[in-house]
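Below is one structure; the comments refer to it alone.
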Amino acid sequence: MQTLEAILEHLAHQLETLYEAPEARTMAEWTLQHALGVGRFELLRRRKEEAPEEVQKQVQGYLERLLRHEPLQYVLGEASFYGREFMVTPAVLIPRPETEELVQRVIKTYQHHSEVKLLDIGTGSGCIPITLAAELPRAQVWGLDVSSAALKVSKANAEKLVQSVTWLQQDILVEMPALAPNSLDAVISNPPYVLEEEKEQMRQNVLAFEPHLALFVPNEDPLLFYRRIAVVAQQLLKKGGKLFFEINERFAEETVEMLREMGYQEIRVYKDLRGKDRVSGAVWK
C-alpha cells in the first residue's frame, strides 16, 4: 500500500513531464483531493495515511487521461467559478478567471437595483447566468446557447446550485431570442473570439478537447458575434440598458468603434488582472 504523500509525489512527478513544476503540483493536489473527497488541509493532515486501493485505481485513471493532455477540469468533471463548483464536460468551455471579471462588472452595476432582467448569450456551462442569479437574487435571468449539449450541462448546474435561470436554445446568428423587445436591463456575452490563426499558439489540452464552436471565429471577421449580439441587444434592451462583453484584447479598439458606429454610448473598456483589455461595457440610449 502507498501513502497519500507518495501518491501525491508520483502524480506531481509524472505531470511535470507536461507542465511547469508549480502547476503540476497544484494539479496533483486537486486530483488527489477530488479522489478522496477532501480539501487541501485535510489532505495535508492525512498525508501519511495509506491510500485505499480504490483511490489508487481512481487516481491512476485520472493520471492516464491527464498525460493525454485532457484538461484537469474535464477529468474531474468540475471547475471553480466565482466561489462555486460547476459541472463541466467537453460540450462546454472551461470557465476562466477572466470571465469572473465580466461577471463582477455586471454585479457591481446592479447590486443595488431592486429588479433587473439579464440575458447571457452563449451560456455554455451556465456559469455566467447562474452566478448572476445567485449574486443578484432579485434579478430575472436568462441563458441562451445554440448547443443542446451545452444547455444540458447548464441546466444541471442550475439544479445543483439551486438557482432559477430560464434557458433558451437558439442560433443567435440567424434568429432573435424569444424575448419581448425593449424588456432587458442588460445583455451579457463571452462569445467566441479566438481567431482561427491563433490555434497554433494554443495549448494542446485546449485545442484537442474544448469545443471549437465556442472558441473560434474566422480570421476575416473577428467581430462576427460581437456585431450580431450588439444588433440583438439594440432590439431587446430598454433605453439606458447595458451591453457587457468579454473581448479579445487584440480587437478592443475595433470593438469600441463598432459599438460607437451602432449608436451605443458611454463605451468603456476594462482591463483584467494581467493588464489586458478584457471587458467592454456600453449603454443603449
Pick out, from the range 168-285, the helices (runs of 4 or more DSSP H) lying fully within it that include 1 or more residues that are in contact (Cβ under 8 Å) with a residue 40 or more places away in the chain and more than 26 Å from Ala91 (Cα to Cα). 224-236
Pairs please, first residue from the range 34-45 and within 14 Å of Glu85 (Cβ to Cβ), second anywhere and surrounded by 12 or more Cβ atoms within 10 Å (Cβ to Cβ), Cβ atoms under 6 Å, 6+ apart in sequence or on different chains. His34/Leu76
Any chance Val55 is more than 24 Å from the chain's Cα centre (by Cα) and part of a loop (DSSP other than H, G, I, E, B): no
Residues (among the hydrophobic types (A, V, I, L, M, F, W, C), out of contact with any strand residue (DSSP E or B) (no Cβ under 7 Å at 6 or more places or on another chain) and surrounded by fewer than 24 Cβ atoms within 10 Å (Cβ to Cβ)) located in the range 77-128: Phe81, Ala91, Leu93, Ile107
Quick check on Tyr74: is it buried (at least 18 other Cβ atoms within 10 Å of the Cβ), touching a residue at least 40 places away in the same chain (Cβ under 8 Å), closer than 20 Å to Ile94 by Cβ and among the hydroxyl-bearing types (Ser, Thr, Tyr)? yes
Which count do you get for residues in the range 109-157 that are over 18 Å from Tyr82 (Cβ atoms), of a type in the set (A, V, I, L, M) and free of Cβ contacts under 8 Å to residues at least 60 places away in the same chain? 2
Among (1) crowded, with 17+ Cβ neighbours inside 10 Å; (2) under 20 Å from Thr89 (Cα atoms); (3) in contact with a strand residue (DSSP E or B) (Cβ under 6 Å, 6 or more places away or on another chain), the one test that Ala156 misses: (1)
Among the residues of the range 174-190, are any out of contact with any Phe, Trp or Tyr (no Cβ under 9 Å at 6 or more places or on another chain), in the same structural domain as Lys108 (by TED's automatic domain parsing), more than 30 Å from Glu85 (Cβ to Cβ) and surrounded by 14 or more Cβ atoms within 10 Å (Cβ to Cβ)? yes
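The values are calculated or read from the model by the stated rules, or taken from the named source; none is laboratory data. Model, not experiment: these values are computed from the prediction. Here the Cβ is made from the backbone with ideal geometry for all residues, glycine too, and neighbour counts use every protein chain on show.
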